[in-house]
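Engineer: What follows is a structure written as structure tokens; I'll ask about it next.
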Amino acid sequence: IAGITQAPTSQILAAGRRMTLRCTQDMRHNAMYWYRQDLGLGLRLIHYSNTAGTTGKGEVPDGYSVSRANTDDFPLTLASAVPSQTSVYFCASSEALGQGRETQYFGPGTRLLVL
Amino acid sequence: GQNIDQPTEMTATEGAIVQINCTYQTSGFNGLFWYQQHAGEAPTFLSYNVLDGLEEKGRFSSFLSRSKGYSYLLLKELQMKDSASYLCAVRDSDYKLSFGAGTTVTVRA
């Protein structure tokens, strides 16, 4: 069982370019999340999805978009990358959102450098 | 919104005990999580508290006081492999997690 996979592992991107970070889980979890992690700021929620076909905005959604066409995949797109989007991006999933003590499981992360 | 505070760094000796405090101010509360994150790796789940009191799981224990907006993670019998960042996270009324900046624990021989 792979759990959650993310691709690419790392990327250097020119400012202004479009980039999609991929996230796939094989646990049949309903809820999925995208976070960014920056030194001194901790993990911040970008977007989330309660179930396939629905998405919601987190704490720092500007400049990012997501889609949830099916249960397993939750891609994150940067339409026009800017240097402030340099960060480590983590995808996570949980069985559900709001039904008890469900735990979020994290993917290995994507390290993105925007120049 | 959420305001979650935890110390930036702590250092302890192998075999000792370390207590990592976390204070929070939230617009809603539906549980508090602790995660461990080794350098360059993903966070992994350690513990969950939703009611007041102590939850013990092997060498790790977590305590919650909802009235005080306070939690701590207790690491006993420290091992070198416990050197990591420890993240306090609060689940709000919308069931989303807000994370503190993390506490980096360094275990010395």
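Engineer: Of the conditions (1) within 11 Å of the chain's Cα centre (by Cα); (2) within 8 Å of chain B (Cβ to nearest Cβ), A:GLN104 satisfies every one except a single condition; which number is it?
Structural biologist: (1)
Engineer: How about segment A:2-36: which of its residues are in contact with a Gly (Cβ under 8 Å, 6 or more places away or on another chain), of a type in the set (A, V, I, L, M, F, W, C) and either farther than 26 Å from B:LEU87 by Cβ or part of a strand (DSSP E or B) (or both)?
Structural biologist: Scanning segment A:2-36 gives A:ILE4, A:CYS23, A:TRP34.
Engineer: May I pose another question? Among the candidates B:GLU41, B:GLU56, which residue alone is part of a loop (DSSP other than H, G, I, E, B) and surrounded by fewer than 16 Cβ atoms within 10 Å (Cβ to Cβ)?
Structural biologist: Checking each option against the conditions leaves just B:GLU41.
Engineer: While we're on this one: Consider only pairs whose beta carbons are under 7 Å apart and that are at least six residues apart or on different chains; among these, list those whose first residue lies in segment A:87-108 and is over 18 Å from A:CYS23 (Cα atoms) and whose second residue is acidic (Asp, Glu) and modelled with pLDDT of 90 or more.
Structural biologist: none
Engineer: Hey, another quick one. So, of the residues in segment A:87-101 that are more than 12 Å from A:TYR33 (Cα to Cα) and crowded, with 17+ Cβ neighbours inside 10 Å, which turns out to be farthest from the other protein chains (Cβ to nearest Cβ)?
Structural biologist: Looking at residues that are more than 12 Å from A:TYR33 (Cα to Cα) and crowded, with 17+ Cβ neighbours inside 10 Å, I get A:SER87.
Engineer: Now a separate question. Test each condition in (1) closer than 30 Å to A:GLY56 by Cα; (2) in contact with an Asp or Glu (Cβ under 7 Å, 6 or more places away or on another chain); (3) surrounded by 19 or more Cβ atoms within 10 Å (Cβ to Cβ); (4) away from every other protein chain (no Cβ under 12 Å) for B:GLY100 and report the one that comes out false.
Structural biologist: Every condition holds for B:GLY100 apart from (4).
Engineer: Residue by residue through segment B:63-97, note down the ones that are surrounded by fewer than 20 Cβ atoms within 10 Å (Cβ to Cβ) and of a type in the set (Lys, Arg).
Structural biologist: Those that are surrounded by fewer than 20 Cβ atoms within 10 Å (Cβ to Cβ) and of a type in the set (Lys, Arg): B:ARG66, B:LYS68, B:LYS76, B:LYS81.
The values are calculated or read from the model by the stated rules, or taken from the named source; none is laboratory data. All of these numbers come straight from a predicted model, not from anything done at the bench. Note: ideal-geometry Cβ built from the backbone for every residue, glycine included; neighbour counts use all protein chains shown.
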